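What follows is one structure encoded as structure tokens, with my remarks underneath.
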Ligand code: ARG
């Protein structure tokens, strides 16, 4: 019987060396490469195709952009970020893992493999999906303890097609939702990055622009009056907001294994949509809902970061979010200014708001008079006064 293994394949150094290693070290007869499209740049597919051809690799490309974009918009509804990172790589991994599993099943594979190292988050995100099934899971780079240096030598010895050489100065992961840059000089937390690391964002100038984003039940559905599918909406906003330098994050990130890593990200659409959602929810939700949502967002983001988007908790949180977001319908005006996406206007038929009640110009709201607040003011701070914690005037 022929033993076949499906490999998550990008055409980069790690996954390229995995192809011969899976045969020589693990005894598989055939390797099937799978590249999943979650909105990487065109050049990455060209590289994957070219490398697959040079390796004589059976290779499949699966388009998962629409599905991935929907998950990104779930993250908008949840207002989810992890330490300021909008989770692009984290959200993409379960989608990629599922697609590869599908290809493996359709093409009679006995095992699944990835080229992740033993230091990062992605190994965990892939394997949580794969280990739910009954195919073997293999991680050659981690299991054989490979280093980039060793991989380069191995590739040179065997004349493997590693076009991009060592892959450049930084390790970069790009999809629809975010672009991450790490490694090289960025590993020094005090090193101030040069603008070379940015590809999606220009340095902010004095120029500003405004966009209007329409939401339906917590999901963005239109940009400047034009209805758009999730993929198109995200692409358009990455383009638009990126020109004004919106969506750069430079942070010390706590990885799942406990390692702290310096990460730089670009995510213009995510920053804009997250700000817009928060702006609209601020108009619609009660104070209690807004406060509770912060816990929900944090838990949702934590699970998403861990690649556990299918966890029962996430489904329960989504239930809460679906209910509270039924009313998050309306429109938000966002201004790109000084590298920020600032909400400058919002409207909704479900506003928990009365201009009349809040106005400085009216004394009464219905049958409630201003003077009715006197009793409330007398009681306010009652316990602080009793406890002696506050100055009682003596
Ligand atoms: N730290 C991020 C995460 O775990 C992004 C990692 C992206 N990988 C890379 N090679 N740049 O989600």
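Coordinate-derived values only; no laboratory data. Quantities reported herein were computed from a predicted structural model and do not represent experimental measurements. Glycine also receives a Cβ, built like all others from the backbone with ideal geometry; neighbour counts cover every protein chain displayed.
A few notes on this one:
- Counting only alpha carbon atoms, the long axis of helix 13-24 and the longest principal axis of the chain meet at about 40°.
- The value of relative contact order for segment 296-394, using C-alpha pairs under 8 Å at least six residues apart, is 12 percent.
- Counted over the chain, the DSSP beta bridges are approximately 70% antiparallel.
- Of all DSSP beta bridges in segment 64-196, antiparallel share, percent nearest 5: 60 percent
- Mean separation of Cα pairs under 8 Å and 6 or more residues apart, divided by the residue count, gives segment 47-136 a relative contact order of 24 percent.
- Summarised in one figure, the compactness ratio Rg/Rh of segment 255-394, Cα atoms and Kirkwood Rh, is 1.10.
- Percent of beta bridges antiparallel (DSSP, segment 4-111, rounded to nearest 5): 10 percent
- Largest first and in whole Å, the equivalent-ellipsoid semi-axes of segment 169-294 read 29, 20, 13, each the square root of five times a Cα gyration tensor eigenvalue.
- Dimensionless Rg/Rh of the chain - Kirkwood Rh, Rg from C-alpha atoms: 1.08
- For 65, 142, the sequence from fewest to most other C-beta atoms within 10 Å is 142, 65.
- Cα-based helix-to-principal-axis angle, 42-55 vs the chain, degrees rounded to 10: 20 degrees
- Cα-based convex hull, segment 267-308, per residue volume (Å³, whole number): 65 Å³
- For 59, 380, 350, order by how many other beta-carbon atoms lie within 10 Å, fewest first: 380, 350, 59
- Tail beyond 16 Å, pair distance distribution of segment 229-305 (Cα, percent): 65 percent
- For segment 65-198, average projected area of the Cα convex hull in nm²: 10.6 nm²
- For segment 122-218, the spread of Cα positions along each principal axis, largest first, Å: 53, 38, 28
- Simple label model, 7 Å out from Cα along Cβ direction - residue 46 to residue 216, nm: 3.8 nm
- Difference of contour (0.36 nm per residue) and Cα-Cα distance, residue 98 to residue 257: 54.9 nm
- Modelled this way, with points 7 Å down the Cα-to-C-beta line, the labels at residue 383 and residue 236 are 5.0 nm from one another.
- Ordering 180, 217, 359 by the number of other Cβ atoms within 10 Å of each residue's own Cβ, fewest first, gives 359, 217, 180.
- Our helix-only sum for the chain, with -39,500 (n - 2.57) per DSSP H run of n ≥ 4 divided by its residues, gives a mean residue ellipticity at 222 nm of -12500 deg cm²/dmol.
- Helix 312-325 axis, angle to the chain major axis (alpha carbon atoms, nearest 10°): 40 degrees
- Debye log10 I(q)/I(0) at q = 0.13, 0.20, 0.21, 0.23 Å⁻¹ for segment 1-106, Cα point scatterers: -0.53, -1.02, -1.08, -1.21
- Descending by average beta-carbon neighbour count within 10 Å, the peptides 263-272, 201-210 line up as 263-272, 201-210, the highest first.
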